[in-house]
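Laboratory data are not the source of any read-out in this text; all were calculated from the coordinates shown. Treat the numbers as computed from the prediction; the structure is a model and nothing was measured. In this analysis, Cβ positions are derived from the backbone assuming ideal geometry, glycine residues included, and neighbour counts consider all displayed protein chains.
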Amino acid sequence: MKHPKDVTHLEIWREKTPAGILERTANGCRLVFNDDFITSPRYQWLSLRLKKSKQPIELAAGNLHPFFAGLLPEGRRLNSLVRNLKTSPDDLFSLFAAAGNHVIGDVYALATEDKRLPPADLPPKLRQTDFYEYFQKLLSFNSYSSGEDSIAGVQEKISASMISFPVNIARQHRSYILKLDPADKPGLIENELYCMELAKKCGLQTARVKLVRDGSCNAGLLVERFDREYDTRQNHLLMHHQEDACQFLDLYPAEKYRISLNDIAQGISELASAAEALLLGLLQLYCFSYLIGNGDLHGKNISLLVRSGSSLVELAPAYDIICTLIYGDHKMAVKIDGRDDNISRKTIIGFAERFSIAQPAVESMLNRLVQKFDRHKQLLEQIPMTDKQKSLLFKTIEKRLADLS
């Protein structure tokens, strides 16, 4: 198997269908679609912005299209991959050649001569594992060659398939990822757990999460993947198409804190036929994040989903919801009408009106959200934090409940 830096051609697949060839060029890359993919009635596009075309799609500004770049890991995972490949962070084609096989969604890459190696050892059992030692071990070599998923995002994650979980924790035919606490934010796992539980109680559709512990009693958050679904009738795993806001806005991951809610809403309006329902869900997620003090709702934490065999664009379940206010970050990462704080009900209604969302629907959504949040907000008391942090959090919550009431 060629070293990823020597790979010049990648087969691009959507589910089980070869879509085309991604070629490294002197100035960037070129995507050439297969004739069969172009004529196939099953797929209207490769990604929401990469439409089928008989003409090659050239990219000269960088060496990988933003959609593919958005499938790569970030943070320590990316740094480890760069180090193991002995390349640079901007050599995106090589990084994608190494880690593009096991990614989020239904679009992935295979080197034309790619043959994945099976894992050398059986996955260690949950109670015989130390999450952090194992994560460090995985960082020490290119674990993607042995089947580990390349999960986008900064937070430290392990493919749950790399660890053997009891069936009463991780069900058969379900796909999971395992999230760990970063060194500088102990308790982040519990933070996300209770924020996600509160979101569900407030009526948001969320990813399913569960707290697990290893043999050293370290906590991990087991997250069920909503881009994978086992079809019992056909006896195989379905791959759903998923794109975060950076991807469907044709932007690189580095832009995730620079885009606005206005940009995201405009993108959804252009891409979804039933946009009003999606935009209402987007506003619900945004307002909930404002109430809990989630300053990390950025462009890669908002996604669209298209289920296998369908062309209907949906808002993906909420994920990566945390309270950052207790860490000193109280402003929204994504601005709405130029505002990242002191967001009023009037601001939300005015925003909705410009995107043709019926005012009664917005009013009803806000009323339900405020009522349910106020009823269940004590769930957040279980987040590990100091008395000072708790006092600040609940004082801010009361103010923001008033903002949206």
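Pull out the extension gain between L237 and E276, defined as 0.36 nm times the separation in residues minus the alpha carbon to alpha carbon distance; nm, one decimal.
Extending this stretch completely gives an extra 11.0 nm.
I'd like the per residue volume of the convex hull spanned by the Cα atoms of the range 4-111, given in cubic angstrom.
96 Å³
Can you give me the long-range amide H partners of V103? Hydrogens built in the peptide plane at 1.01 Å from N, cutoff under 5 Å, separation of 5 or more residues or another chain.
Residues meeting the criterion, in which the H sits 1.01 Å from N, are S150.
Given the C-alpha atoms of the range 240-404, compute the convex hull and give its volume per residue in Å³.
Residue-normalised Cα hull volume stands at 117 Å³.
State, in angstrom, two size descriptors of the chain derived from its alpha carbons: Rg to one decimal place and Dmax to the nearest whole number.
Rg and Dmax of the chain, Cα atoms, are 21.4, 63 Å.
Can you tally the net charge around L404? Count Lys and Arg as +1, Asp and Glu as -1, for every other residue whose Cβ sits under 14 Å from the Cβ of L404.
With Lys, Arg at +1 and Asp, Glu at -1, the net is +3.
Tell me, what is a quarter of the convex hull surface for the C-alpha atoms of the range 126-223, in nm² with one decimal?
6.9 nm²
Within the chain, what's the longest run with no chymotrypsin sites (Phe, Trp or Tyr not before Pro) in a DSSP loop and at most 15 other beta-carbon atoms within 10 Å? Give the range, please.
That would be 258-405.
Just to be sure I understand the model, the point goes 7 Å from the Cα along the line to the Cβ. What's the resulting L401 to Q128 distance in nm?
4.9 nm
When the Karplus curve 6.51 cos²θ - 1.76 cosθ + 1.60 is applied with θ = phi - 60°, which whole-Hz ³J(HN,Hα) does each residue of the range 394-405 get, with x for Gly and Pro?
With coefficients 6.51, -1.76 and 1.60, one gets 6, 5, 5, 4, 4, 5, 6, 4, 5, 4, 9, 7 Hz.
Per the helix-only calculation at 222 nm, which mean residue ellipticity applies to the chain, given -39500 (n - 2.57) for every DSSP H run of n ≥ 4 and division by its residues, nearest 500 deg cm²/dmol? Intermediate values should be presented prior to the final figure.
Numbers: 12 runs with 130 residues, N = 405.
One gets -9500 deg cm²/dmol as the mean residue ellipticity at 222 nm.
May I ask for the angle, rounded to the nearest 10°, between helix 261-271 and the longest principal axis of the chain, with both axes built from Cα atoms and the value confined to 0 to 90°?
50 degrees
Per residue of the range 193-205, in order, report the coupling 6.51 cos²θ - 1.76 cosθ + 1.60 (Karplus, θ = phi - 60°) as ³J(HN,Hα) in whole Hz, putting x for Gly and Pro.
Values, residue by residue: 4, 6, 5, 5, 5, 5, 4, 5, 5, 8, x, 7, 7 Hz.
Given 0.36 nm per residue, what is the gain on full extension from L379 to N34 after removing their alpha carbon distance, in nm?
Here the segment from L379 to N34 would lengthen by 119.0 nm.
Determine the principal axes of the Cα atoms in the range 228-326, then give the extent along each, sorted from largest to smallest and rounded to whole angstroms.
Cα spread of the range 228-326 along its principal axes, largest to smallest: 46, 31, 26 Å.
For A358 and S311, compute 0.36 nm times the residue count separating them, minus their Cα-Cα distance, and round to one decimal in nm.
Numbers: separation 47, 0.36 × 47 = 16.92 nm, distance 2.48 nm.
Between A358 and S311, full extension yields 14.4 nm more.
What does the charge count near K390 come to, summing +1 for each Lys or Arg and -1 for each Asp or Glu among other residues with Cβ under 14 Å from its Cβ?
Around K390, the charge tally is -1.
How big is the dipole moment of the chain about its Cα centre under a simple scheme where the beta carbon of each Lys and Arg is +1, that of each Asp and Glu is -1, and everything else is neutral? Debye, nearest 20, please. List each step's numbers first, then the result.
Details: 52 positive and 50 negative charges, 121 e Å.
Dipole of the chain, to the nearest 20 debye: 580 debye.
Grab the other residues whose beta carbon is less than 9 angstrom from that of I38, score K and R as +1, D and E as -1, and report the net.
It works out to a net charge of 0.
What relative contact order, as a whole-number percentage, does the chain give when Cα pairs under 8 Å and 6 or more residues apart are counted? If you can, show how the numbers build up before the last one.
Details: 730 pairs, mean separation 57.2, N = 405.
Relative CO of the chain lands at 14 percent.
Of all trypsin sites (Lys or Arg not before Pro) in the range 32-83, which ones are in loop regions per DSSP and have a Cβ with at most 13 other Cβ atoms within 10 Å?
For trypsin sites (Lys or Arg not before Pro) across the range 32-83 that sit outside H, G, I, E and B with at most 13 neighbouring Cβ atoms in 10 Å, the list reads R42, K54.
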